[in-house]
Amino acid sequence: MSQEFDRLVEVMRRLRAECPWTREQTHESLRRYVIEEAYETAEAIDLRDSDHLREELGDLLMQVVIHAAIAESDGEGWTTDDVVRGIADKLIHRSPHVFGDVTVSSAAEVDAIWQRLKAERKQRTHPLEGIPADLPALMAADKVLGRVDAPVEGDDLGARLLRLVAEARAAGVDPEAELRAATRRHADRG
């Protein structure tokens, strides 16, 4: 690992040991900050602000490191090294076109391989398993429509919204991003 990453891990270990606030934190008490930092990172991406993105990625990385420090200090059986090793192993396993002998010619093929290998490893028993309950509604609708092959029924407002998400999927458009952009345009007119 890089010296700077190692330094960050050591800074967090020291904070966990010596700072009263950091020492009190739990995975549960920090849950909201993971979500906030992810949204702030997404906003920096939307704004195409590279310096802001760098800063927000640092804040997001801090969340990873503090949760690993909590797990380590509380004896949960894993550390930052385990997190890093796990994601590196996952990337290697799910990228046989780079780290193996599989040949691909498109990003769609790469995605198909990734999804197949993920499904093999997860061995989920239900198509909706693994969709976080707290996803924003449009993101959740997009995920559900991607996994459930059934027509949207009904004419209530919710069904009509779900059909719009299906329409966006069919067009290859991210409904969350489209609604966010339309909302910003509308707010700018007001």
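Each residue in the stretch 92-102 was checked for being in contact (Cβ under 8 Å) with a residue 24 or more places away in the chain and either of a type in the set (V, I, T) or open to solvent by 50 Å² or more (accessible area, probe 1.4 Å) (or both), and 1 of them qualify. Which of the residues spanning the stretch 39-51 are open to solvent by 50 Å² or more (accessible area, probe 1.4 Å) and assigned to a helix (DSSP H, G or I)? Y39, E40, E43, I45, D46, S50, D51, listed by residue number. Each residue in the stretch 33-55 was checked for being closer than 20 Å to A181 by Cβ and either among the charged types (D, E, K, R) or in contact (Cβ under 8 Å) with a residue 12 or more places away in the chain (or both), and 9 of them qualify. Residues that are within 20 Å of A88 (Cβ to Cβ) and in a helix (DSSP H, G or I) were ranked within the stretch 1-11; the one that is least open to solvent (accessible area, probe 1.4 Å) is V9. Among the residues of the stretch 152-190, those that are under 26 Å from A112 (Cβ atoms), open to solvent by less than 70 Å² (accessible area, probe 1.4 Å) and assigned to a helix (DSSP H, G or I) comprise L162, V165, A166, A168, P175, E176, A177.
All told, I70 meets the bar of being open to solvent by less than 70 Å² (accessible area, probe 1.4 Å) and of a type in the set (A, V, I, L, M).
Which one of these is of a type in the set (D, E) and surrounded by 12 or more Cβ atoms within 10 Å (Cβ to Cβ): D111, D142, D149, D134? After ruling out the rest, the residue left standing is D142. Among the conditions (1) part of a loop (DSSP other than H, G, I, E, B); (2) more than 30 Å from D6 (Cβ to Cβ); (3) not β-branched (V, I, T), the only one that W78 does not satisfy is (2). Is it the case, given these coordinates, that S105 is polar (S, T, N, Q), open to solvent by 70 Å² or more (accessible area, probe 1.4 Å) and out of contact with any strand residue (DSSP E or B) (no Cβ under 6 Å at 6 or more places or on another chain)? Yes; evaluated as a whole, the condition is true for this residue.
Within the stretch 107-129, which residues are assigned to a loop (DSSP other than H, G, I, E, B) and either charged (D, E, K, R) or under 22 Å from A168 (Cα atoms) (or both)? Once the filter is applied, which keeps residues that are assigned to a loop (DSSP other than H, G, I, E, B) and either charged (D, E, K, R) or under 22 Å from A168 (Cα atoms) (or both), the stretch 107-129 yields R124, P127, L128, E129.
The residue that is most open to solvent (accessible area, probe 1.4 Å), among those in the stretch 12-38 that are of a type in the set (D, E, K, R) and within 20 Å of E56 (Cβ to Cβ), is R32. Report whether or not D149 is without any contact (Cβ under 8 Å) to a residue 12 or more places away in the chain and not β-branched (V, I, T). Spelling it out, D149 is indeed without any contact (Cβ under 8 Å) to a residue 12 or more places away in the chain and not β-branched (V, I, T).
The values are calculated or read from the model by the stated rules, or taken from the named source; none is laboratory data. Every value quoted in this text rests on a predicted model; they were computed, and no experiment measured them. Backbone-built Cβ (ideal geometry, glycine too); neighbour counts: all protein chains shown. Please note that ligands, DNA and RNA were not included when accessible areas were found on the heavy atoms of the full protein model with its side chains. Shrake-Rupley method; radii C 1.70, N 1.55, O 1.52, S 1.80 Å.
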